[in-house]
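This report concerns only the one structure given below.
The values are calculated or read from the model by the stated rules, or taken from the named source; none is laboratory data. Here the structure is a predicted model, which means the values were calculated and not measured. Virtual Cβ from ideal backbone geometry, glycine too; neighbours counted across all protein chains shown. With ligands, DNA and RNA removed, areas are computed over all heavy atoms of the protein, side chains included. Shrake-Rupley method; radii C 1.70, N 1.55, O 1.52, S 1.80 Å.
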Amino acid sequence: MKKQHKTMMAGAVPLLLAACGGGDGGSGVTVNTLPKHLTQHSVMAYTATTPGAGNSTDSQDLLTAGLGKTGLGTATAPSYADPLKPTALELRRNAIHANYRAILDPSANGGYGRLYGPNIDQNGADRLGEGMIPGKEFIASLDDGSGNKQVVIAVQIPDSFDVKNPCIVAGPSSGSRGVYGSVGSAGEWGLKRGCAVALTDAGKGVGLYDPSDDTVNKIDGTRATRSAAGALSLFAASLSDSVRTLFNTAFPNRLALKHAHSQMNPEKDWGSDTLTSIRYALYVLNEQYASTVPGGTGKAVRFDAGNTLVIAGSVSNGGAAVLRAAELDSEGLIDGVVASEPSAQPSRTTGYGVQFGGADIPIKGLPLIDIFTIANLYQPCAALAPTAAMAESTIYNYMTLTGMNARASNRCAALAAKGLVSGTTTSEQAADALRKLRDSGFSADHDTMHNAHYGLGNAAIISMMYTNAFGRFSVIDNLCGMSAAQVDGTGSVVPVNPTVKAQSFAGGNGTVNGAPASVVYNTSVGGAKSWAFGVSPSSGMADFSLDAALCQRALVTGKDPVGNTDLTTTSSPTLAQSQAVRSGMREVLLSGNLQNKPTLIVAGRNDALVPVNHAARAYAAFNRSVEGTGSQLRYIEVTNAQHFDTFLPFSGFDTRFVPLHGYFNLAMDAMYAKLKNGTALPPSQVVRTTPRGGTPGAAPAITASHLPPFASAPVSTDVIGISASHVIEVPN
């Protein structure tokens, strides 16, 4: 049935009840209706074709917000007319600038403007000038009936949309980003192809709530008090005025962020939110291009799941969202899936296996918060091991660069005192910490990444945010003694900068990464400090807030890491707190049943944020154990590639790693060819790239020769296979 619908002329009006359709109102024709629980807020036409200030609708476009290739490639963000009162259009412009640059390497030597970027057409040629794409953008929000969920969806329809060949690209945001988080990945690919693009924050986004003045970000990014924002509030903590007053007195200058503190566990709905974004895109297309039903009671349903090609494609957390959406798709909305470096978490660790270079990987498929809380314990100590040292000179060692090595040594000593690592010297303790990471599923390919990842705060930030999110804890709970606030150079809590707060919708990424808030250890000896400066009561040393990291690990496992004893009703944390976190963890695990949809997963072998043994490799094997040989999933593993393309301009990253972004584009191209023309997907394989090398911080320009394409018939030593017993076999 669906294949027949896909070949039906889009100009015809199907008489079937569509996903976004309603009753016929007595006319005999299905009436287009807004999907349930959606509220449409705005419809804007962005008409710019040449770069401008980007502070009006006629000087913005869908892809670059009026900045063009040149503006997006410029590191300095555009200025605001009034930095304390940015307009919604200015915030949109700067949010697109920040989010686009955050998803890829924006440097010319890294390939921007030459191998990818707004100016590069779908065939890889530099033919699009500044790459501006005019069209209309529709903003809506999704609630669940509670009035608290507030998922933001943006549907973009380029002027080049072809009603005779309708297509939709669904791109949920990566990380914890807002609605424009996938503008540089799924958004750019879809708009260039003439598809409608459905972007969604999937319940994350920069929902910054300030308890001190009860202010929020509205859906359009501007700020207002909770009462003034009303239904347009992106997120406000559920606090009475009396409770808020007490909290502000006890913990002044603290902040709350939506992903961590919404008490909704938004990750459990990433898949269903993505499906709703597709339904909204169909609704919008019908409103724009369908004829009015007889009697003038609304628009007919011209586009539906049967005649509109739909690819769900995104990266990282967005990659997990599109996989989950495919698993939940009971309506046949999605035709194909592309997930790059997905945080894909199988719902079980048994019944499948992972082999690398012929050796079994015994620990695989663990939930990502499990891995993050392990990393949060051991990474700073492990980073001091000789085999984990970055290849660059000391100045490019990120732990040294940020003054962290002394605290890392303290962490080693504190772990040893608790019996969590062995050895009497820092070197011995660091080597054992690195073994702990290896034993938990990190590989040798990640050894030299632990330094940078911990130095940049990834483990500490994610461990704090996700334990709060999974357990549905409030900002006032101060889980594991942790909160969020702006800090100064010594790690002390300070009032949030008014300009940072006003511009947070554009400048933040939805995490507690320092802009606008950092993770704060309230119970640090001597007073609250950021996690990086925290002094644990149990050690009396500046050890990166080890006691908090131990608490977060206990929440995930249900056991005290020191002594491996079960949590109780009176332990700290309590058994009830751990049960809440573990319940939320179970809600986000994937079923592995993609319903035989064509799927491409692309991942970098060196990804130390979402290790492939627990995510991409494990999910591919898990899927085969669920779907059997009928599975249409193909897995591409790229050597010399890691999670953050945006880090590639950093000294040392530039010489060692290649961008993964181009392989996302190739995967989208391959999926489109599969769905449009029946071209076979590339088989599962290792793609062997060549790093640029050279001097750290001054690597030579990357060329296409560094980045070989997918092979339609890979050589035997590059073939990734899955055995009859569901073991994925990845060649070294």
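Miscellaneous remarks
- Close pairs from region 43-56: first under 19 Å from I219 (Cα atoms), partner among the polar types (S, T, N, Q) and assigned to a strand (DSSP E or B), Cβ under 9 Å, at least 6 apart: Y46/Q156
Conditions (1) in a loop (DSSP other than H, G, I, E, B); (2) within 28 Å of T646 (Cβ to Cβ); (3) free of Cβ contacts under 8 Å to residues at least 12 places away in the same chain; (4) not acidic (D, E), marked per residue:
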| residue | (1), (2), (3), (4) |
| --- | --- |
| C480 | no, no, no, yes |
| S483 | no, yes, no, yes |
| Q486 | no, yes, no, yes |
| G489 | yes, yes, yes, yes |
| K501 | no, yes, no, yes |
| P516 | yes, yes, no, yes |
| A532 | no, yes, no, yes |
| S539 | yes, no, no, yes |
| F544 | yes, yes, no, yes |
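- Against the criterion of being open to solvent by 20 Å² or more (accessible area, probe 1.4 Å) and under 17 Å from the mean Cα position of the chain (by Cα), F644 qualifies.
- Residues in region 239-277 that are farther than 21 Å from H37 by Cα, more than 18 Å from the chain's Cα centre (by Cα) and in contact (Cβ under 8 Å) with a residue 60 or more places away in the chain: L239, V243, F247, F251, P252, N253, R254, L255, A256.
- Applying the condition of being among the β-branched types (V, I, T) and either in a loop (DSSP other than H, G, I, E, B) or within 16 Å of H614 (Cβ to Cβ) (or both) to region 329-369 and asking which residue is most open to solvent (accessible area, probe 1.4 Å) yields T350.
- In region 713-722, the residues that are of a type in the set (G, A, S), open to solvent by 30 Å² or more (accessible area, probe 1.4 Å) and in contact (Cβ under 8 Å) with a residue 24 or more places away in the chain: A713
- Just one of the numbered conditions (1) in a loop (DSSP other than H, G, I, E, B); (2) within 26 Å of the chain's Cα centre (by Cα); (3) of a type in the set (A, V, I, L, M, F, W, C) is not true of A548: (1).
- Residue within region 610-617 that is open to solvent by less than 10 Å² (accessible area, probe 1.4 Å), under 20 Å from T717 (Cβ atoms), modelled with pLDDT of 95 or more and out of contact with any Pro (no Cβ under 7 Å at 6 or more places or on another chain) present: yes
- Looking only at residues in region 73-85 that are without any contact (Cβ under 8 Å) to a residue 60 or more places away in the chain and under 24 Å from the mean Cα position of the chain (by Cα), the one that is least open to solvent (accessible area, probe 1.4 Å) is G73.
- Residue satisfying all of: in region 419-477; aliphatic (A, V, I, L, M), in a helix (DSSP H, G or I) and at pLDDT below 95; most open to solvent (accessible area, probe 1.4 Å) among these: A444
- For region 680-703, the tally of residues that are open to solvent by 10 Å² or more (accessible area, probe 1.4 Å) and either out of contact with any Lys or Arg (no Cβ under 9 Å at 6 or more places or on another chain) or over 28 Å from A312 (Cα atoms) (or both) stands at 14.
- Residue within region 486-506 that is at positive phi and open to solvent by 10 Å² or more (accessible area, probe 1.4 Å) present: no
- Options G111, G135: the member that is open to solvent by less than 10 Å² (accessible area, probe 1.4 Å), more than 29 Å from S42 (Cα to Cα) and in contact with a Pro (Cβ under 8 Å, 6 or more places away or on another chain): G111
- For region 374-392, the count of residues that are in a loop (DSSP other than H, G, I, E, B), within 26 Å of the chain's Cα centre (by Cα), over 20 Å from A444 (Cβ atoms) and not hydrophobic (A, V, I, L, M, F, W, C) is zero.
- Where a residue in region 571-599 is over 12 Å from T557 (Cα atoms) and its partner, wherever it lies, is among the hydroxyl-bearing types (S, T, Y) and part of a helix (DSSP H, G or I), with Cβ under 8 Å and at least six apart: L590/Y619; G592/Y619; G592/S625
- Residue in region 142-160 that is nearest to R193 (Cα to Cα), counting only those that are modelled with pLDDT of 95 or more and surrounded by fewer than 21 Cβ atoms within 10 Å (Cβ to Cβ): S160
- Exactly one residue out of F664, F622, F710 is open to solvent by 10 Å² or more (accessible area, probe 1.4 Å), under 25 Å from A321 (Cα atoms), within 27 Å of the chain's Cα centre (by Cα) and of a type in the set (F, W, Y): that is F710.
- Taking region 398-418 as the range and being of a type in the set (S, T, N, Q) and open to solvent by less than 30 Å² (accessible area, probe 1.4 Å) as the test, no residue passes.
- Residue match in region 285-292 (condition: within 30 Å of A515 (Cβ to Cβ), modelled with pLDDT of 95 or more and either of a type outside the set (S, T, N, Q) or more than 14 Å from the chain's Cα centre (by Cα) (or both)): no
- The lone criterion from (1) over 24 Å from T274 (Cβ atoms); (2) open to solvent by less than 30 Å² (accessible area, probe 1.4 Å) left unmet by G124 is number (2).
- Residue in region 602-618 that is aliphatic (A, V, I, L, M), assigned to a helix (DSSP H, G or I) and within 25 Å of L333 (Cβ to Cβ) present: yes
- All positions within region 561-577 that are over 24 Å from V421 (Cα atoms) and surrounded by 20 or more Cβ atoms within 10 Å (Cβ to Cβ): Q577
- Selection of first residues in region 352-364 that are within 10 Å of V730 (Cα to Cα) and of second residues that are in a loop (DSSP other than H, G, I, E, B) and open to solvent by 50 Å² or more (accessible area, probe 1.4 Å), restricted to Cβ pairs under 7 Å at least 6 apart or on distinct chains, gives the following pairs, ordered by first then second residue: F356/N732; G357/N732.
- Matching option when the condition is assigned to a strand (DSSP E or B) and either at pLDDT 95 or above or in contact with a Gly (Cβ under 8 Å, 6 or more places away or on another chain) (or both), among V525, V520, V556: V520
- The set of residues from region 667-679 being open to solvent by less than 10 Å² (accessible area, probe 1.4 Å) and not hydrophobic (A, V, I, L, M, F, W, C) is empty.
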